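I have placed the structure first, in the form of structure tokens, so that the comments after it can refer back to it.
Taken together, the values in this text are just the output of simple stated rules run on the coordinates, not laboratory data. The structure presented is a predicted model; accordingly, all values stated were derived computationally and were not measured. Here the Cβ is made from the backbone with ideal geometry for all residues, glycine too, and neighbour counts use every protein chain on show.
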Amino acid sequence: MTIKNRVRLALAFALALAMVLAGFGAPAQAQDRNTLVVGFAQEPDNMNGFYSSMAFAQWANDLVQASLYDFSDDLQPVLVLAAEVPTRENGGISEDFQEYTVKLKPGLKWSDGKPLTAEDLVFTYQMIKDPANNMLQGSSIREALEEAEVLDETTFRLRFNVPKPFPEDLIGSPGLSTILPAHIFRPIYEAEGTIENAAENQDPTVFSGPYVLREWRRGESMLFEANPNYVFGEPKIKRVLIRFFPDTDSQYAALAAGQLDFVPNVSEGDIPRVAASNPDLKIVTVFGGYIESLWLNLRTDEHPRAGHPALKDVRVRRALRLAIDRETITRELLAGATKPTDSIYAGSPFENKELGVTPYDPEAAAKLLDEAGWTLGPDGIRQKDGVKLEMRYSTTTAGWRNNIQAVIQQQLAKVGVSVILEKYPASEFFGAFANRGINAIGEYDIAQYANNTALTNPANVTVDEALNCKQIPNESNPGGQNFTGFCSPEMDEASLITKTSLDPEERLAAAYKIQEIMRDQVPLINLFPRGDNYAYNTKRFVGEIRIGSGVGNQWFDIMNWELK
Amino acid sequence: MTTQTDSLQGKPAERVLSLDPKQNVKGVSNFARSMRRLRKHRMAIFGILLLLFVILYVVIGSLAIPESASIYNDPRRALQPPSAEHPFGTDVIGRDILARTIYGGQVSLFIGVTAMLVQILVGTAVGLIAGYLGGIVDFLLMRLAEAMLSIPQLFLALIALRIFSDPTQFPDFTFMGRRFSSTMIVIVFVIGLTSWMRVSRIVRSVVLSVREQEYVTAAHSIGAHSWRIILRHVLPNCTAPIIVSATLGVASAILLEAYLGFLGLGVRAPTPTWGNIMGEANSYLDSWFYWFFPALFIMLTVMGINFLGDGLRDAFDPRSLK
Amino acid sequence: MTRYVVRRVLQSIPLLLIISFILFNFTNALGDPMAVYAESRNRPSARDREIIMRRLGLDRPILEQYLIWLIGNDWMPPIDVLGDGSRLEQGTRRGVLRGDLGISFVTRRPSWTRIEERLPWTLVLMIPSYVLTVGLAIAIGIFSAVRQYSFWDNVITSLSFFFYSMPIFFIALLTIYIFAVQFRRWGLEPIKWGGTGDGTLGSLLQHMVLPVFCLVAIQLAGYVRFIRSSMLEVLNQDYIRTARAKGLAESQVVRRHAFKNAALPLVTLIGLDLPFLLAGAVVTERIFAWPGMGRLFIESFERADVPVMMAILMVLSVAVVVFQLLTDIVYTWLDPRIRYS
């Protein structure tokens, strides 16, 4: 046991003898204007972004890392280390889209003063490419990169094995958020053949971002100090202290008590109570590519399980969408932090705003259902040919989702649709096909959860994986991700265009087409976009602060934040 | 022996009664005598009254208010304090809390009683088998009991509940027109199967002490069946402590269910129980009505049971002085 | 005596093995730990997830997984992480019997560090509560027993029943509501609660007030009743009458004769309850946002973090077994009538 914990134990015994109802009015630590106090509900497992899947690790990393270019809160590119975003026009991307030539700004430095050059970048890409490094992130780069070479001190070239029209996945912050200092890692790599076990991963010493990690007290906190060698100059706030809490409850308690300035992870269900806990708090939702939706089981094969026969009829699906009052849900259950949507691209520059949002119209829903042959039975539930319109509506055990389930159940009951509510722990709900995961084997009719996809370009991972004809899971294809079983060759074609076409106009048109098809065919009913919800104490900050999307770097503007 | 602690390992402290079989040879009339003593026990009567109040609340309530009232939600009227329309206020999605405490109470009480029955049956069976067969069977069974007592009941219950609650294998069921989560039945067995140890020890010690008696050897020698011996000699001696244990078992089952529900890991929504209503309420402490009423009912029930249990214990105790 | 101890220790070993095997089976049936990544933005690709699963041995039969948990896999042939023999990695686990409690699936650091972070907080809460409980219970219990049927005895008995029947969350939420929420409304300085304070001792003490109060309130009732009935039983014995007849002062009778004998069952009770202090108080910790062992178990449970769950359960089981043995030894030492052959 550490000395610190031993002292705590001894303290416990001492307290036992001298326990008195004392301690009132102990003065809280005065907040100072040079330290930003942030609360995390989990401790990062690794300070090398390539070796972690934890959101909190990514947040901690982004504080000390600079990327080539980033995205602002309205998804506009922000140049950080790169001198320009490579395009075909400026020669940064070759005609065949397989070569990138990237220029860095001149005079870049690491936090230890050593120059940050193209060599560090090329070394990083080489490390990503080498499977011996066992990285958890960067798989798309690993699969596509052929070679990386240094052209001069501030220029390097990347060569890919297939055309790559979207640089942000490969050189922007969504794709590359960590740059490794070659002068630290190369000796380790040459000695051990891998950087996986480098001490630098857990106790880093060299950084490129706005802050440097000064001290990491395991189990307690991380202290960061401003980096004078940061490309945009030293940040205004001199220190950042990240405190770890065992869970969100204690985190919110500290936030409400004014001990924390900023919390990056407020979940939907907690928004109302966090907002109510302290009038100085402000909650900001930055849309980040999650759209909470009701995914419908359209599978036909019996093995595993086919969905309710009614769902095969597109009129029924449209009726369901008309019968759900999404506005009330977002307004009452989510404190209005988000608004209903019908687009899988909601919040991105590629959203087809013309399509609008289907209104809440239970009468139209009832009419459609009647038209489809599902007529009201004596018990108030619709039926057709002896089959009741009763479906299984499943989601995870998260409390806020269960509340939405209960509300939707009632709304659907009004039009004669009966749903049975089921809840599963996440490990079962999202489990793999081989582990009889609920979604994977089709044990549902309506499933509520959120997809996640970067929204920085029209190629949409959700459409590509979760709605693709070839991705329907079954015995011979257990890894398939298309749990709804939806298949539209037309949409698959449009999706292919968004991924491979070299003409941005064509890609946008294809993205619009995808949204049209989904609006029309309703493989899933979008509820509302979810984003990353941040809470901060307005009393502590000068003015408003800008927070980036989780797709890129949330701290993209932190050097401009100022405390009172 | 343990007392009530938060980790729920304990059941109320019990005295092991001195069980001299000779005293109970007269069986029935002893029982009647005990019942008479009970009636005079003031606290026991008070306990019975409390329980009657709760039971009547739940029964009459469900006759007066339909179940649909506990399901009907209106998010626009969420978290409203008590009013004429909603005497106990509304919950986070606008459901009436009074109705939910009535129907939740039915579930909580049902779980309490049936879990106790499971506990008694299993405990008695194990105690009889261990005491009668002795030897290696006894050894293993008692080791098993020890093992189970080493782990906090709450932890055991959580794990067992999760394993046996896959809706695809244990689907929700309908009973008398109402829909219940299968976790309700699972929780009954989980609680029962994690609390049998104490009862089995009591029964086992009775069996062991009876076995030594001469009249048992005598009965055997004239060819009396083991079953008869068990029925006529062992079980009557166990009745008193088992009844006490059973009564208190209901209380601890109700509490355990409440704690599990509070953690959100017990009976699955939307089936309400007093415990899971409180679990929802934990995020809305300002709305005192949300948690106050279910907690109050739990307390009244448990208090009534404890008073009654204490009274029963005193009534059955041949050494009682009053 | 030593033979008895040795025999008991030897008996506990198969017991612990059986417990651990049963628990291992149960905890592993809790679902796919990789699935908790499903909705995160940085989830590893399907192939990488497969590699992780093979490294952790999650694709092996349960019996093999248990053996690895017990005795490690660093002596076994290397793991084929890609499934096709192209990449072999040597296992690094040493197994529980060699002191390796495994690596948490969630934090990727040793399970023991998770426990180490939380255990002191649990003890900081539980030990003062327990000491207060026992101390107060002895005082009140003796007082009540000595004045049986008096007014105060009745008050104390009724109050014990009242608090004994009160579920912990009721009293916790009531106290929070009164001392924090309502105090603020009435313009008084509310008591701080929720979490462990900002690191200063004063703040810690203030945050402890409410949870300790609640824990003591419900535990006290049970202990008071126990001590009271224990004392009453002893006070009715013949040798007490003899002592009084001999002319001893009442306080001497109570202290020297009665309490000492009543203390024996109390020792057993304490011995059995002590190890469960380690388990923390799950509900109390949840309400007061206290970072203890109980919450750690719930968190690991929700994320199917098997190594940490097993680590907690085994620490508890071993503690229980050890304390039972200690209790027996102390009991023998205290009670000269008992001798173990």
Just the number, please: percent antiparallel of the DSSP beta bridges in chain A, rounded to the nearest 5.
75 percent
Averaged across orientations, what area in nm² does the convex hull of the alpha carbons in chain A project?
30.2 nm²
Can you list the HN-Hα couplings for the range A:102-114, worked out from phi with the Karplus curve (6.51, -1.76, 1.60; θ = phi - 60°), rounded to whole Hz and with x for Gly and Pro?
10, 10, 8, 5, x, x, 6, 9, 7, 5, 8, x, 6
Under unit Cβ charges (Lys, Arg +1; Asp, Glu -1), what dipole magnitude, rounded to 20 debye, does the range C:234-341 have relative to its Cα centre?
700 debye
Toward the positive end of the charge dipole of chain A, about the Cα centre and with charges on Cβ (Lys, Arg +1; Asp, Glu -1), which of A:Leu355, A:Leu104, A:Ile547 goes farthest?
A:Ile547
Packing-based exposure ordering (other Cβ within 10 Å, fewest first) of A:Asp32, A:Asp385, C:Asp328
A:Asp385, A:Asp32, C:Asp328
Per residue of B:76-89, count partner chain C-beta atoms within 10 Å of its C-beta, then hand back the mean as an integer.
1
Which peptide among C:249-262, B:264-277 comes first, and what is the full order, when sorted by highest mean count of other Cβ atoms within 10 Å?
B:264-277, C:249-262
Packing-wise, with mean Cβ within 10 Å as the measure, how do B:113-123, A:143-153, B:151-161 rank, highest first?
B:151-161, B:113-123, A:143-153
Net charge near A:Leu281, counting Lys/Arg +1 and Asp/Glu -1 over other residues with Cβ under 13 Å of its Cβ?
+1
Peptide ranges A:321-328, B:63-70 listed from the most packed, as the mean C-beta count within 10 angstrom indicates
A:321-328, B:63-70
Between the DSSP loop rule and a limit of at most 16 other Cβ atoms within 10 Å, which chymotrypsin sites (Phe, Trp or Tyr not before Pro) in the range C:68-129 are left?
C:Trp75
Which one, A:Trp216, A:Ser52, A:Asn477, is farthest towards the positive end of the dipole of chain A when Lys and Arg carry +1 and Asp and Glu -1 on their Cβ?
A:Trp216
Shape call for the range B:237-279 from the C-alpha gyration tensor, a ≥ b ≥ c root eigenvalues: rounded (a/c under 1.5), prolate (a/b greater than b/c) or oblate?
prolate
Taking θ as phi - 60°, what are the ³J(HN,Hα) couplings along the range A:283-294 by the Karplus curve (6.51, -1.76, 1.60), each to the nearest whole Hz, with x for Gly and Pro?
10, 10, 10, 9, 5, x, x, 9, 10, 6, 9, 9
Within the range A:473-545, report the chymotrypsin sites (Phe, Trp or Tyr not before Pro) that DSSP leaves as loop and that have at most 12 other Cβ atoms within 10 Å.
none
What percent does the relative contact order of chain C come to when contacts are Cα pairs within less than 8 Å and at least six residues apart?
23 percent
In percent, how large is the relative contact order of chain A, given Cα pairs closer than 8 Å and 6 or more residues apart?
18 percent
Mind checking the mean number of beta-carbon atoms from other chains within 10 Å of the Cβ atoms in B:142-151?
6
Under the rule of -39500 (n - 2.57) per DSSP H run of 4 or more residues, summed and divided by the residues of the protein assembly as shown, what mean residue ellipticity at 222 nm is obtained, to the nearest 500 deg cm²/dmol?
-15000 deg cm²/dmol
For A:134-140, what's the mean count of beta carbons from other chains sitting within 10 Å of each residue's beta carbon?
4
What residues have an amide H closer than 5 Å to that of B:Asp74, excluding those fewer than 5 places away on the same chain, when H is modeled at 1.01 Å from N in the peptide plane?
B:Gly94, B:Arg95
Under the Cβ-under-4.7 Å rule, which cysteines of the protein assembly as shown stay unpaired?
B:Cys238, C:Cys214
Hey, fewest Cβ within 10 Å first, where do C:Ile51, A:Ile420, A:Ile438 land in order?
A:Ile420, C:Ile51, A:Ile438
Ranked list, fewest to most other Cβ atoms within 10 Å of each Cβ, for A:Cys469, B:Cys238, A:Cys487, C:Cys214
A:Cys469, A:Cys487, B:Cys238, C:Cys214
The range A:266-309: GluC sites (Glu not before Pro) in DSSP loop, at most 16 other beta carbons within 10 Å
A:Glu302
Charge dipole (debye, nearest 20) of the range C:43-138; +1 at Cβ of Lys and Arg, -1 at Cβ of Asp and Glu:
200 debye
Starting from the Cα of A:Lys353, draw a straight line to each of the aspartates and glutamates and keep only those under 13 Å, dropping any in the same chain fewer than 8 residues away.
A:Asp342, A:Glu516
Run the dipole for chain A about the Cα centre, Lys and Arg Cβ at +1, Asp and Glu Cβ at -1, nothing else charged, and hand back the magnitude in debye, nearest 20.
1800 debye
